[in-house]
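Here's the structure, in structure tokens; my notes come after.
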Amino acid sequence: MSGTDVRGAARTRTTRETEISLEITVGGQQAAVVATSFAPLGHMLDALCLYAGIGGRVSAAGDVAVDPHHLIEDVGWVLGEAFDDLLSSREGIARYGLAVVPMDDALVRAALDFSGRAYCRLGGIAPETLALGTDLGTWREFFWAFCRTAGATLHLDVLAGENSHHVVEAMFKATGMALRQATALTGGGLLSTKGVIG
Ligand SMILES: [Mn+2]
């Protein structure tokens, strides 16, 4: 992997609910330094960054005493904005990523496309399933927000899983691995029969 593969973007978003600031790279060697006011989110972002090859730093604070929902959703939102920026026209990237990740009892598949069209589906598990201080429906908000601002399509399927911590962690790992593939440089042009993504 050469230094010319590294692409980066920076984003900041401050609202009355959350304060998110990130400066990230893809295509490099270092995993990002993550700081959040909701430790389970930090744990999942650590996994995502490691497997996606996201470097730099991510800091995220918010009104988690109300509900971690705002923070989880907003980090996905800002991360998606940064990906939209660093991928630019999508020219020269693999565009698609597919990963099936086991974590003990859990098995999760992530199929990702930087299609320019936002869509996210979580299958195989009930959204009200409790996990890491919140529920699967709230963790899904992270991925939905990312897809909205990045212009990505993501299908997450929980193929097996008894322990909800394992399920959520496998979701982040699988998405990270799919992100690493999809953002990899191909040396070619725009991967689209239509000639345009979006
Ligand atoms: Mn864990």
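Residue pairs whose Cβ atoms lie under 7 Å apart, sitting 6 or more positions apart in sequence or on different chains, and linking a residue in the stretch 71-82 that is closer than 16 Å to L179 by Cα to a partner that is of a type in the set (S, T, Y) and assigned to a helix (DSSP H, G or I), are W77/T149; G80/T149; E81/T149. Can you find a residue in the stretch 114-130 that is farther than 25 Å from A184 by Cα, open to solvent by 20 Å² or more (accessible area, probe 1.4 Å), without any contact (Cβ under 8 Å) to a residue 12 or more places away in the chain and more than 16 Å from the ligand (Cβ to nearest atom)? Yes, the stretch 114-130 has at least one match.
Selection of the stretch 139-196 for residues being hydrophobic (A, V, I, L, M, F, W, C), open to solvent by 30 Å² or more (accessible area, probe 1.4 Å) and part of a loop (DSSP other than H, G, I, E, B) yields A184, L190, L191, V196.
Assess whether L122 counts as being in a strand (DSSP E or B) and either within 29 Å of A9 (Cα to Cα) or not acidic (D, E) (or both). Explain how you work it out, then say what you get.
Values: in a strand (DSSP E or B): yes; either within 29 Å of A9 (Cα to Cα) or not acidic (D, E) (or both): yes.
Yes, satisfied.
It is to be established whether one or more residues within the stretch 39-54 are out of contact with any strand residue (DSSP E or B) (no Cβ under 6 Å at 6 or more places or on another chain) and within 24 Å of G198 (Cβ to Cβ). Yes, the conditions are met somewhere in the stretch 39-54.
Listed by first and then second residue, the pairs with beta-carbon distance under 8 Å, at least 6 apart or on different chains, first residue in the stretch 22-43 and open to solvent by 30 Å² or more (accessible area, probe 1.4 Å), second of a type in the set (D, E, K, R) and away from the ligand (no atom under 16 Å from the Cβ), are E23/R57; T25/R7; V33/R57; V34/R57; A35/R57. Taking each residue of the stretch 166-194 that is at negative phi and away from the ligand (no atom under 16 Å from the Cβ) and looking for partners that are part of a helix (DSSP H, G or I) and open to solvent by less than 10 Å² (accessible area, probe 1.4 Å) with beta-carbon atoms closer than 6 Å, six or more apart or interchain, yields L179/A52; R180/A52.
Flag not set for W144, criterion: within 16 Å of the ligand (Cβ to nearest atom), at negative phi and of a type outside the set (D, E). Of the strands (runs of 3 or more DSSP E) contained entirely in the stretch 1-118, those carrying at least 1 residues that are over 17 Å from the mean Cα position of the chain (by Cα) fall at 7-14, 18-26, 54-62, 96-103, 106-113. Quick check, is L86 open to solvent by 10 Å² or more (accessible area, probe 1.4 Å), touching a residue at least 60 places away in the same chain (Cβ under 8 Å) and among the aliphatic types (A, V, I, L, M)? Yes.
Identify all residues within the stretch 38-71 that are among the aliphatic types (A, V, I, L, M) and within 16 Å of the ligand (Cβ to nearest atom); write none if there are none.
Pass one, the stretch 38-71, residues among the aliphatic types (A, V, I, L, M): 39, 41, 44-45, 47-48, 50, 52, 54, 58, 60-61, 64-66, 71.
Selection gives A39, L41, M44, L45, A47, L48, L50.
The conditions of being more than 23 Å from A152 (Cβ to Cβ), open to solvent by 50 Å² or more (accessible area, probe 1.4 Å) and at pLDDT 95 or above are met by E19.
The values are calculated or read from the model by the stated rules, or taken from the named source; none is laboratory data. These numbers were taken from a predicted model, which means no experiment stands behind them. Reconstructed Cβ throughout: ideal geometry from the backbone, glycine too, with neighbour counts over all protein chains shown. Just so you know, the surface numbers come from the protein's heavy atoms only, side chains and all, with ligands and any DNA or RNA stripped out. Shrake-Rupley method; radii C 1.70, N 1.55, O 1.52, S 1.80 Å.
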